[in-house]
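Each remark here refers to the structure printed beneath this line.
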Amino acid sequence: MLDREGFRPNVGIILLNANNEVWWGKRVREHSWQFPQGGIKYGESPEQAMYRELEEETGLRPEHVKVIGRTRDWLRYEVPDHFIKREIRGHYRGQKQIWFLLRMVGRDCDVNLRASSHPEFDAWRWHEYWVPLDVVIEFKRGVYQLALQELSRFLNRSDHGSASRQTSRYLRQQHQAQPCDDTKESQQLPTVSAQPAPADNTSDIKNAK
């Protein structure tokens, strides 16, 4: 579903923990990190799409999060032609996104990267609010910066001041999920070091995410 200008409606999700750190996911079999996102289906509202994508990509349900805010308008990014499938070139230009800021009220062990049959991520971690954009595929970086800047107004003043001073370009040690109880197994995720997103990363477009 494209608008008249060739942009696909989409939602992006910035998920915070109690320390105002953001949920940061590594794409399956890639050294590219990003926030959860996905397309809005016909008949869905942005909020409905957000909850659906959140559960599909992280396993978190509405009771695990609280909505803090959202962007006022659509944020757009264009996709370079060589990333676009040949059959939709000339029609598809990129994504237009509504971004949501959520607070996680569940537990880390509620995250399940295998909640869907086609996982988007194979690892995740908490990271300081101002994430390092050099590990994000290049054409998304501007929208990430705009979304983080606009949604930072929902952080309280003291927390925002602390977050804005964190400018590290490197990811911290990867988070390892702990079981919620003795009947659940911890997700054993591979240890991954941060690397800049490769220039030939095409899965974002071919999967329409």
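The values are calculated or read from the model by the stated rules, or taken from the named source; none is laboratory data. Keep in mind that what you see is a predicted model, and the values were worked out from it rather than measured. With ideal geometry, Cβ positions are generated from the backbone for all residues, glycine too; neighbour counts draw on all protein chains shown.
Quick check on residue 106: is it in contact with a helix residue (DSSP H, G or I) (Cβ under 6 Å, 6 or more places away or on another chain) and modelled with pLDDT of 95 or more?
yes
Can you tell me which residue among 125, 172 is of a type outside the set (Asp, Glu), modelled with pLDDT under 95 and not in a helix (DSSP H, G or I)?
After ruling out the rest, the residue left standing is 172.
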Looking at residue 94, is it at positive phi, surrounded by 14 or more Cβ atoms within 10 Å (Cβ to Cβ) and either of a type outside the set (D, E, K, R) or touching a strand residue (DSSP E or B) at 6+ places or on another chain (Cβ under 7 Å) (or both)?
yes
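For region 1-40, give me each residue that is in a loop (DSSP other than H, G, I, E, B), out of contact with any helix residue (DSSP H, G or I) (no Cβ under 6 Å at 6 or more places or on another chain) and more than 22 Å from residue 90 (Cα to Cα). Working first, answer last.
Pass one, region 1-40, residues in a loop (DSSP other than H, G, I, E, B): 1-6, 17-21, 28-32, 35-36, 40.
Applying the additional criterion that residues be out of contact with any helix residue (DSSP H, G or I) (no Cβ under 6 Å at 6 or more places or on another chain) yields 1-6, 17-19, 21, 28-32, 35.
Matches in region 1-40: 17, 18, 19, 21, 28, 29, 30, 31, 32, 35.
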Are any residues in region 1-17 surrounded by fewer than 21 Cβ atoms within 10 Å (Cβ to Cβ) and touching a residue at least 24 places away in the same chain (Cβ under 8 Å), and if so, which ones?
1, 2, 3, 5, 6, 7, 8, 9, 17
When you check residue 61 against the structure, is it at pLDDT 95 or above, in contact with a helix residue (DSSP H, G or I) (Cβ under 9 Å, 6 or more places away or on another chain) and not aliphatic (A, V, I, L, M), yes or no?
yes
Which of (1) among the acidic types (Asp, Glu); (2) without any contact (Cβ under 8 Å) to a residue 40 or more places away in the chain; (3) not in a loop (DSSP other than H, G, I, E, B) is the odd one out, the single condition residue 63 does not satisfy?
(2)
Those residues of region 128-157 which are among the charged types (D, E, K, R) and in a loop (DSSP other than H, G, I, E, B) amount to 128
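Of everything in region 41-54, what is outside any loop (DSSP other than H, G, I, E, B) and surrounded by fewer than 17 Cβ atoms within 10 Å (Cβ to Cβ)? Give them in sequence order.
47, 48, 52
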Answer yes or no as to whether residue 194 is more than 19 Å from residue 70 (Cα to Cα), touching a Ser or Thr at 6+ places or on another chain (Cβ under 8 Å) and modelled with pLDDT under 95.
no
All positions within region 66-91 that are outside any strand (DSSP E or B) and surrounded by fewer than 15 Cβ atoms within 10 Å (Cβ to Cβ)
72, 73, 80, 81, 82, 85, 86, 87, 88, 89, 90, 91
Every pair of residues 6+ apart whose Cβ atoms lie under 6 Å, when the first sits in region 27-44 and is in contact (Cβ under 8 Å) with a residue 60 or more places away in the chain while the second is part of a strand (DSSP E or B) and of a type in the set (Phe, Trp, Tyr):
33/24
